[in-house]
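Below: the structure, in structure tokens.
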Amino acid sequence: MNMKLCIINGPNLNLLGKREPEIYGSASFEDYLKELSTKFPEIQIDYYQSNVEGEIINKIHEVGFDYDGIILNAGAYTHTSVAIADAIKAINCPTIEVHISNVLSREEFRHTSMIGPYVKGMISGFGLDSYRLAILSFIK
Ligand code: DQA
């Protein structure tokens, strides 16, 4: 198949496993990613994490004209970043917005997604499994 996907995680998601485990679980993303990659041996799954808004935008530009899709958990920037929304609008490949928690069941400020109008779809609330479900959406 030769499909290339890039998972991009935004701020504080480097702390997965340690950060509020009652909301985000106790597994590190690195461990989860190893397991995820074995489930989709035919897909190249690359991974990038940054706490810095501009670095996330640079990565979206870098992969967005070359990869088949981006799976983006922009963390709190989801709710604030016009610049990340513009980056998603600017590239060629589809972006799937993912969240580990169900953002609509949480504080009101998490109910707004600046990137929502420009993504192909949004998956929220399935724990780390949200990423696997996003990958499935690319498989016809
Ligand atoms: C999150 C939800 C966001 O509201 C929050 O700021 C995060 C993680 C999630 O995966 O559930 O950092 O994107």
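Readers should treat all values here as calculations from the given coordinates under stated rules, not as data from a laboratory. None of these values were measured; they are calculated from a predicted model. Here the Cβ is made from the backbone with ideal geometry for all residues, glycine too, and neighbour counts use every protein chain on show.
What strands (runs of 3 or more DSSP E) lie completely within segment 60-140 and have 2 or more residues being away from the ligand (no atom under 11 Å from the Cβ)?
Output list reads 69-73, 95-99.
Taking segment 31-51 only, how many residues are touching a Gly at 6+ places or on another chain (Cβ under 9 Å) and free of Cβ contacts under 8 Å to residues at least 40 places away in the same chain?
So the count comes out to 1.
Could you say which residue among LEU133, LEU104 is under 19 Å from LEU16 (Cβ atoms), without any contact (Cβ under 8 Å) to a residue 40 or more places away in the chain, surrounded by fewer than 20 Cβ atoms within 10 Å (Cβ to Cβ) and of a type outside the set (Val, Ile, Thr)?
Of LEU133, LEU104, the one residue that is under 19 Å from LEU16 (Cβ atoms), without any contact (Cβ under 8 Å) to a residue 40 or more places away in the chain, surrounded by fewer than 20 Cβ atoms within 10 Å (Cβ to Cβ) and of a type outside the set (Val, Ile, Thr) is LEU133.
Applying the selection to segment 23-78, what residues are surrounded by fewer than 18 Cβ atoms within 10 Å (Cβ to Cβ), among the small types (Gly, Ala, Ser) and closer than 17 Å to PHE138 by Cα?
If the condition is that a residue be surrounded by fewer than 18 Cβ atoms within 10 Å (Cβ to Cβ), among the small types (Gly, Ala, Ser) and closer than 17 Å to PHE138 by Cα, then SER37 is the only one that fits.
Please work out which residue is nearest to the ligand (Cβ to nearest atom), limiting yourself to segment 8-32 and to residues that are assigned to a loop (DSSP other than H, G, I, E, B) and of a type in the set (A, V, I, L, M).
LEU16
Name the pairs whose Cβ atoms lie under 7 Å apart, with the first residue in segment 1-25 and free of Cβ contacts under 8 Å to residues at least 12 places away in the same chain and within 15 Å of ASN73 (Cβ to Cβ), the second within 13 Å of the ligand (Cβ to nearest atom) and not charged (D, E, K, R), and 6 or more positions between them or separate chains?
ARG19/ASN12
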